[in-house]
1. Of everything in the range 170-203, what is open to solvent by 60 Å² or more (accessible area, probe 1.4 Å) and among the hydrophobic types (A, V, I, L, M, F, W, C)? Give them in sequence order.
2. For the range 139-166, what are the residues that are of a type in the set (D, E, K, R) and either over 26 Å from residue 88 (Cβ atoms) or modelled with pLDDT of 95 or more (or both)?
3. Please enumerate the residues belonging to the range 143-157 that are in contact with a strand residue (DSSP E or B) (Cβ under 6 Å, 6 or more places away or on another chain) and crowded, with 22+ Cβ neighbours inside 10 Å.
4. When you scan the range 204-223, how many residues do you find that are farther than 23 Å from residue 108 by Cβ and buried (at least 20 other Cβ atoms within 10 Å of the Cβ)?
5. Mind listing whichever residues of the range 33-54 are at pLDDT 75 or above, open to solvent by less than 20 Å² (accessible area, probe 1.4 Å) and either over 20 Å from residue 119 (Cα atoms) or of a type in the set (A, V, I, L, M) (or both)?
6. Can you tell me which residue is most open to solvent (accessible area, probe 1.4 Å) among those in the range 75-90 that are among the aliphatic types (A, V, I, L, M) and over 20 Å from residue 144 (Cβ atoms)?
7. Considering only residues that are modelled with pLDDT of 95 or more and open to solvent by 40 Å² or more (accessible area, probe 1.4 Å), which ones fall in the range 55-71?
8. State whether one or more residues within the range 119-126 are in contact (Cβ under 8 Å) with a residue 40 or more places away in the chain and aromatic (Phe, Trp, Tyr).
Amino acid sequence: MKSLVLAAHPDDEVLGCGGTIARSAQEGHEVFIAILGEGITSRYERREQADQKLLTALHDKSRKVAELLGAKDLFMHEFPDNRFDSVPLLEVVKVIEGLVQRLKPEIVYTQHGGDLNIDHVVAFRATLTATRPTAGQPVKVVYAYEMASSSEWAFQQFRPLFHPNVFVDIEKTLDLKIRAMQTYESEARLFPHPRSPEALRAAAQHWGSVVGLRAAEPFQCVRDVR
């Protein structure tokens, strides 16, 4: 089985499905990660003011995380951080289409479309466009994942709402997910922030308890063609 995890920012891949990536890799599946945005440049008044050393360090962290989780390969792109809506949607679609054509994944994981973060919304829309179920489309299943400090902070005011209906047991890979998140030193936060180790563990335990597991990651199945 081959899967592609799409993330708008460095660390989204860990927060949304780090445990699932690690479990899939350990079970012998090929998992590819694509990070669409450059990250952190929105913290500056102008994108070009961003410290390139910090940006390079962040991207190096992404590579370490991909290796830690067991991903087969990592693809980095440079759409402007928190400004995905400033570029034509077609450009994002074409990047994802290129990845799909090259890798031919059967499963795609993407951001949830009702998140607070505009980059997540654009990534979701672009994913559905790039993986539309035409003849010959290799992608059979599309999952949307929850994003700590974005999905819940929308307070269900945006559509679509996150309605998880697929849950992956990550009891054995939860510690690895948390360690991967801690690798992103500039993105990790202290409790009670949703990206803190304590909050991530609590969220996994909560979703696990919903379906009779000790720890789980939740997904919403957007499409499943069998």
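1. 190, 191 - these are the residues of the range 170-203 that are open to solvent by 60 Å² or more (accessible area, probe 1.4 Å) and among the hydrophobic types (A, V, I, L, M, F, W, C).
2. 140, 146, 152
3. 143, 144, 145
4. Within the range 204-223, the first condition is being farther than 23 Å from residue 108 by Cβ, and the residues that meet it are 205-206, 208-210, 212-215.
Filter once more, keeping what is buried (at least 20 other Cβ atoms within 10 Å of the Cβ): 208, 215.
Within the range 204-223, residues that are farther than 23 Å from residue 108 by Cβ and buried (at least 20 other Cβ atoms within 10 Å of the Cβ) number 2.
5. 33, 34, 35, 36
6. It comes out as 90.
7. Result: 63, 64, 67, 68.
8. No, because not a single residue in the range 119-126 is in contact (Cβ under 8 Å) with a residue 40 or more places away in the chain and aromatic (Phe, Trp, Tyr).
The values are calculated or read from the model by the stated rules, or taken from the named source; none is laboratory data. What you are looking at is a predicted structure, and each value in this text was computed from that prediction instead of being measured. We place every Cβ from the backbone using ideal geometry, glycine too, and count neighbours over all the protein chains shown. What goes into the accessible areas is simple: the full protein's heavy atoms, side chains included, and nothing from ligands, DNA or RNA. Shrake-Rupley method; radii C 1.70, N 1.55, O 1.52, S 1.80 Å.
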